[in-house]
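Below is one structure, written out as structure tokens; comments come after it.
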Amino acid sequence: MRTKILVLGLFCLFIVSCVGSQLHNRKIMRQDYIKTHPGGSSQIRNAILNGDILIGMTKEQVLASRGQPYKINKTTGEWGVHEQWVMVMHTYGITGVYGIDNKAKQYAYIYFENGKVTSWQSR
């Protein structure tokens, strides 16, 4: 019984340290993006640093802010190209799908027209 509790405790400690490490790495990646892309408005730079989204952001800026989408749905017509990015946002704010129970996921949908954010929603 003690062994099971010890193993469970170590596993929980490992998960918590991984989450903290991922959050730290995401923060550093955002800071690096801002350093290598000094142009743009201060609003967009701040949004990227905070992991937020703003109307008018480019795909590259959203990638810097939120990471890779889980799925991309694309529609092309005479009006241009529309994309819907499905982002997986876990309850503790990590983007991705690895090693997490589906019940812990929340989805965000980001909509682009011709490469710029036009709207988004979360569920």
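The values are calculated or read from the model by the stated rules, or taken from the named source; none is laboratory data. Fair warning: this is a prediction, and the values are worked out from it, not measured in the lab. Counting neighbours? That spans all protein chains shown, and the Cβs are built from the backbone with ideal geometry, glycine included.
Quick notes on this one:
- Selection status of Gln31, over 19 Å from Tyr109 (Cβ atoms), modelled with pLDDT of 90 or more and among the polar types (S, T, N, Q): yes
- Unique match (being assigned to a helix (DSSP H, G or I) and touching a residue at least 24 places away in the same chain (Cβ under 8 Å)) among Ala64, Ala47: Ala64
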